[in-house]
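Each remark here refers to the structure printed beneath this line.
The values are calculated or read from the model by the stated rules, or taken from the named source; none is laboratory data. If you're wondering where the values come from, they're calculated on a predicted model, not measured in any experiment. Neighbour counts are summed over all protein chains in view; Cβ atoms, including those assigned to glycine, are modelled from backbone coordinates with ideal geometry.
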Amino acid sequence: MNLPLITCAEEHNDKTAISTTDRAFTYRDLLHSSSQIATGLLNNSEDLQEQRVAFLIPPGFEYVATQWGIWRAGGIAVPLCVSHPRPELEYVITNSRASIIVAHPNFEGILRSLAQEHNLRFILTSETLPSNIATLPEVDITRRALILYTSGTTGKPKGVVTTHQNIQAQVTSLNTAWEWTSNDRILHILPLHHIHGIINVLTCALWAGAECHLLSKFDAETVWNRICDGDLTLFMAVPTIYVKLIAVWETASKERQKSMSEGCAKMRLMVSGSAALPVQVLEKWQTISGHFLLERYGMTEIGMALSNPLHGERLSGYVGKPLPQVEVRLVDEKGELVPAGTPGEIQVKGPGVFIEYWQNPEATAKAFQDGWFRTGDTAVVENGNYRILGRMSVDIIKTGGYKVSALEIEEVLRSHPDIQECAVVGVANLEWGERVCAALVLQGSQSLTLEAFRIWAKERLAVYKVPTQILIVEELPRNAMGKVTKPTVVELFC
Ligand code: AMP
């Protein structure tokens with residue numbers, strides 16, 4: 001029995017699977033190359049038996065063929081991040097206890113020495129692939145497939161382990177909800193070491209027999225050029241990317257803007273996720289593209305859990321309802337279900353939920369309560385739709401006994417004419433528990449005093465939500481995913 005992804009691919013042999021700026025590759029190409037790579041990885045053994053294979057390859061056909069090759073050889077794929085410095089790469093390689101490293105020649109400098117130091121097998125993607133394909137092992141879907149390291153905003157990154165079965169559930173849930181078909185064509189501009197890029201875009205596309213157009217790196221002008229071509233049906237991105245695309249649109253000529261908008265209008269669906277989508281961004285994008293972005297909520301550990309509907313009304317500021325095969329509940333600090341309208345922690349159950357943090361049974365045990373995964377995110381259900389209030393750890397601030405959402409305050413601050421970006425954090429304080437503080441990036445050469453800021457904010461927010469301290473910064477600290485690293489923002493105030 002083949003893995004389900006391979007069986008699906010065999011139905012689309014001569015269709016384009018992957019397209020890059022240089023050329024297009026069919027499903028047959030992908031099946032053939034991945035079987036060659038699997039043969040090379042097996043190196044005369046019968047089955048990699050869940051050995052970890054870390055790989056660092058820029059977005060493109062080789063990346064996908066290698067990922068499939070690892071799976072077909074019975075290994076666990078450990079994708080590395082192209083923008084990580086050496087210590088971060090070393091952490092993932094050693095923490096996952098990888099036995100093989102596969103590298104694109106661009107990364108040979110760093111990775112060959114790491115492989116030598118740790119006595120690991122080292123393979124370059126430029127090496128000649130075997131022409132005789134070995135008998136590939138039968139890989140049961142209950143076996144481990146992937147380890148993704150979580151973004152690390154909550155301490156040292158942990159390896160999130162998913163099985164082939166988990167991936168199948170995550171993918172089929174989205175393919176059903178968003179009605180993927182083999183006629184779809186998606187532009188892939190997201191990092192390939194993160195769930196959003198690997199599952200929601202790449203694997204969903206290939207599962208459906210669709211075309212996935214990979215850009216070697218994100219560039220807003222290039223993305224707009226591809227959208228203007230008018231042949232895409234789907235687009236998925238994080239809010240930061242929509243902000244960058246909006247900025248380019250705003251400086252474009254009227255004629256170009258028209259063509260950009262027409263390209264968007266040809267698509268059937270545009271999705272935002274992985275972070276809260278500011279309402280202003282959603283509205284601006286709607287005027288540009290005609291699309292009311294479909295916002296969804298998910299996490300590396302669970303896949304996607306909540307989504308606005310493909311058909312029917314989407315609500316700004318909400319992430320909709322549970323996706324197919326996903327059970328969601330909200331509980332209070334004692335683990336009791338909360339009534340509708342009361343905030344609680346989001347807990348998730350279902351076949352898409354990961355099986356463990358890699359070699360960290362303690363963290364795994366802590367992450368579950370009665371078989372439900374504790375997301376650490378707080379939400380409230382209003383008229384049947386979930387609204388995310390923030391992370392329990394950083395974005396929910398307790399001040400003077402009040403529980404306030406940093407995301408909610410940020411949304412208001414972003415509407416200040418002089419504020420370009422902001423990050424609100426809770427900073428430990430003896431008297432208040434936590435004080436609400438805001439790091440602000442101002443528009444151009446604007447200046448802002450605390451007094452003027454507070455007068456403005458008090459008109460829009462309950463007084464206990466108004467930041468008591470502000471710090472004007474050049475830019476906000478972000479991790480490799482472009483997410484603001486709140487613990488670093490907190491340090492700015494200490
Ligand atoms: P990651 O595992 O890197 O995808 O991060 C998952 C976290 O991103 C979640 O636990 C949430 O805190 C956040 N997140 C994902 N989607 C959304 C969303 N639509 N709105 C707000 N936060 C989100």
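Could you go through the stretch 198-217 and let me know if any residue there is free of Cβ contacts under 8 Å to residues at least 12 places away in the same chain and assigned to a helix (DSSP H, G or I).
no
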Given the residues Leu461, Leu476, Leu450, which is the only one that is without any contact (Cβ under 8 Å) to a residue 40 or more places away in the chain and either within 26 Å of the chain's Cα centre (by Cα) or over 30 Å from Val82 (Cβ atoms) (or both)?
Leu450
Could you grab me the full set of residues in the stretch 220-240 that are in contact (Cβ under 8 Å) with a residue 40 or more places away in the chain and more than 14 Å from the ligand (Cβ to nearest atom)?
Ile227, Asp231, Leu232, Thr233, Leu234, Phe235
Go through the stretch 105-128 and count every residue that is part of a loop (DSSP other than H, G, I, E, B) and out of contact with any helix residue (DSSP H, G or I) (no Cβ under 7 Å at 6 or more places or on another chain).
4
Taking the criterion of being in contact with a Lys or Arg (Cβ under 7 Å, 6 or more places away or on another chain) and not hydroxyl-bearing (Ser, Thr, Tyr), would at least one residue in the stretch 165-186 satisfy it?
no
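Residue-wise test of (1) of a type outside the set (Phe, Trp, Tyr); (2) over 16 Å from Pro278 (Cβ atoms); (3) touching a Ser or Thr at 6+ places or on another chain (Cβ under 8 Å).
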position: Ile409; (1), (2), (3): yes, no, no
position: Val425; (1), (2), (3): yes, yes, no
position: Ala428; (1), (2), (3): yes, yes, no
position: Ile455; (1), (2), (3): yes, yes, no
position: Leu461; (1), (2), (3): yes, no, no
position: Tyr464; (1), (2), (3): no, yes, yes
Restricting to the stretch 283-317, and then to whatever is over 18 Å from the mean Cα position of the chain (by Cα) and within 15 Å of the ligand (Cβ to nearest atom), can you tell me which residue is surrounded by the fewest Cβ atoms within 10 Å (Cβ to Cβ)?
Pro309
Would you mind finding the one in Asn175, Asn166, Asn200 that is within 14 Å of Gly352 (Cβ to Cβ), polar (S, T, N, Q) and in contact with a Gly (Cβ under 7 Å, 6 or more places away or on another chain)?
Asn166
In the stretch 218-239, anything part of a helix (DSSP H, G or I) and not basic (Lys, Arg) is listed as Ala220, Glu221, Thr222, Val223, Trp224, Asn225, Ile227, Cys228, Asp229, Pro239
Scanning the stretch 356-387 for residues that are part of a helix (DSSP H, G or I) and in contact (Cβ under 8 Å) with a residue 12 or more places away in the chain, which turns out nearest to the ligand (Cβ to nearest atom)?
Ala367
Ile101 versus (1) under 20 Å from the mean Cα position of the chain (by Cα); (2) more than 16 Å from the ligand (Cβ to nearest atom); (3) among the β-branched types (Val, Ile, Thr); (4) modelled with pLDDT of 95 or more: which is the lone unmet condition?
(1)
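Please verify whether Ile110 is surrounded by fewer than 23 Cβ atoms within 10 Å (Cβ to Cβ) and under 19 Å from Lys217 (Cβ atoms), treating the condition exactly as stated.
yes
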Can you report the number of residues in the stretch 129-165 which are hydroxyl-bearing (Ser, Thr, Tyr), at pLDDT 95 or above and either in a loop (DSSP other than H, G, I, E, B) or at positive phi (or both)?
2
With respect to Leu337, is the statement that it is touching a Lys or Arg at 6+ places or on another chain (Cβ under 8 Å) and of a type outside the set (D, E, K, R) true?
yes
So Val394, is it in a loop (DSSP other than H, G, I, E, B) and within 20 Å of Val484 (Cα to Cα):
yes
Give Glu283, Glu313 a once-over and let me know the one that is of a type in the set (Asp, Glu), farther than 20 Å from Leu407 by Cβ and outside any strand (DSSP E or B).
Glu313
If only one of Glu62, Glu46 is in contact (Cβ under 8 Å) with a residue 40 or more places away in the chain, part of a loop (DSSP other than H, G, I, E, B) and of a type outside the set (Val, Ile, Thr), which one is it?
Glu46
Cross-chain or 6+ apart pairs with Cβ under 8 Å, the stretch 432-446 first and over 16 Å from Leu413 (Cβ atoms), then part of a loop (DSSP other than H, G, I, E, B) and small (Gly, Ala, Ser)
Trp432/Gly400; Gly433/Gly400; Gly433/Gly401
Exception for Met392 within (1) modelled with pLDDT under 90; (2) within 11 Å of the ligand (Cβ to nearest atom); (3) aliphatic (A, V, I, L, M); (4) in contact with a helix residue (DSSP H, G or I) (Cβ under 8 Å, 6 or more places away or on another chain) falls at (4)
Which ones in the stretch 397-416 are on the phi < 0 side of the Ramachandran plot, assigned to a loop (DSSP other than H, G, I, E, B) and at pLDDT below 95?
Arg414, Ser415
